[in-house]
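Everything below concerns the one structure shown next.
The values are calculated or read from the model by the stated rules, or taken from the named source; none is laboratory data. From a predicted model like this one, the values you see are computed outputs, not experimental measurements. Note that we place each Cβ from the backbone using ideal geometry, even for glycine, and neighbour counts take in every protein chain shown. Areas reflect the complete protein model, heavy atoms only, side chains present, ligands, DNA and RNA absent. Shrake-Rupley method; radii C 1.70, N 1.55, O 1.52, S 1.80 Å.
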Amino acid sequence: MQSPIFAYNEQQTQERWSLQNKQMLRVSLEGHDDILARKGTMVAYQGLVEFDAEFQSNQQSRARAQTGEGLDLMRCHGQGTVYLANLKQHVHVMEVDQDGLTVDSSYVLAMDSSLHHDVIAVDSLYGISGSGKYQLNISGRGKVALMTSGMPLLLQVTPDKYVNCDADAIVAWSTGLRVQMQAQTHSSGVWRRRGSTGEGWELSFMGTGFALVQPSELLPPQNAQIGSGLAAQYGMGQQGARGQNQGNAWS
């Protein structure tokens, strides 16, 4: 049997975390150092691998109920190889160190089980936050796999060069950065989107680190849900997930 499809063979590597291709993560398990992966993202595995729902502490459950931010995880352990993917999203493996990583939980595919994660708040200039108000802070040492819609852009932030990012496009940033949610408008117009530009809320980053943005203002479909209250109504840009879903709900 012959076909061009046979060119897509398994990629052999000695790395524990690697990419099978741009949209699929390959992780080798060796009986220790379990990984935590987003529920339902396993597309294949080899060897003796088990998948168990990850326990959430009372603190994590309360934070999830109050903020809507959190992770539905499964623990992958055993001896073998696991392949993970989610809706053809582009996958990127990052090393988390003492600086920490702040990320929207919608973009987390997997992480080392040794990493710690909890919910933090992002301040708003006007006291009104959008979907970016709560994010996930990942700390410790280990690897985390992030997802983006398309190939992302990594922007360096320095004390003399701060960065502003659309609240719908930002994926992750260095935890040590100072962050504020704002809109380029005067306070009396805070309830209106920025003129007729289609732009809305943005995050302003100051300090030393990086900010990762994707070429899309949509969350992965299974996470793009219509919220309620002021945050859902005013928090996202006109072309972002909220704006898109209000007229075209996912089915």
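To the nearest 10, the accessible area of Lys161 is 110 Å² with a 1.4 Å probe. Residues Leu218, Leu212 ordered from highest to lowest accessible area at a 1.4 Å probe: Leu218, Leu212. Computed with every protein chain present, the accessible area of Phe6 is close to 100 Å² [probe 1.4 Å]. Going by accessible surface with a 1.4 Å probe and the largest first, Tyr83, Tyr45 read Tyr45, Tyr83.
Between Lys88 and Gln12, the contour length at 0.36 nm per residue exceeds the alpha carbon distance by 25.2 nm. Here Ile5 sits with roughly 110 square angstrom of accessible surface, probe radius 1.4 Å. What the Cβ-Cβ distance of Thr81 and Ala121 gives, at R0 = 45 Å and to the nearest 0.05, is a FRET efficiency of 0.75.
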